[in-house]
Amino acid sequence: MRKSCLFLAGLLLLGGMIATSCITINYPPSTENTTSTAAPTPPATEAPISTPAATPPATTTSAATPVVPPEETAAEELRKVQDAVKVMMQNNKLTQLPHPVTVPTNDMHRFPDASTRHGIAGVGYVLYCHDFNGDGTPDTNYIGWSETKGTYVCDEHGNVTQVTTGHE
């Protein structure tokens, strides 16, 4: 009997955790029908293979995290948005945002400041598709998604408020 183990791996983007799974597949011995006029060849001698009395069906195991309640997911999203704003402000040497977003949005192309000009052609200090060097070409993502489930506003100091969670 031939056995194969197939490993599957994936990256859960929100949590940054890696989930792996292993599926074991048992193949039955080959039962090919061969026709030959030559004398049969005796089977090769092998060490006996010990097998369990009953072979269990193929199983899948997973190291992924359990489903997180919506209120914890909303809090995690808020933390990630707040952290991204702080990093973006530090990288751009900002102590204040000139035009922070005051209308709740989930669009990270426009959050936390979509209208301040910088560099030759840069517009906005945003978390997704930010133009770090101000040349008019987006080159930096401070967060891994363009839209959030919740909606957010921000003050001039970079303090983020979650207005809706998206899990209501």
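No value in this document is a laboratory result; all are computed from the given coordinates. In this text, all values refer to a predicted model and were calculated from it rather than measured experimentally. Heads up, the Cβs are rebuilt from the backbone with ideal geometry, glycines too, and the neighbour counts pull from every protein chain shown.
Here are the numbers for this structure:
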quantity	calculated
Extension reserve of the Arg117-Gln96 stretch, reckoned as 0.36 nm per residue once the Cα distance is removed	6.2 nm
Net charge, Thr164 excluded, C-beta distance under 15 Å - Lys, Arg +1, Asp, Glu -1	-4
Point-to-point label distance, His109-Asn159, nm (Cα→Cβ direction, 7 Å offset)	3.1
Added length on full extension, which subtracts the Cα-Cα distance from 0.36 nm per residue, Lys86 to Thr137	16.2 nm
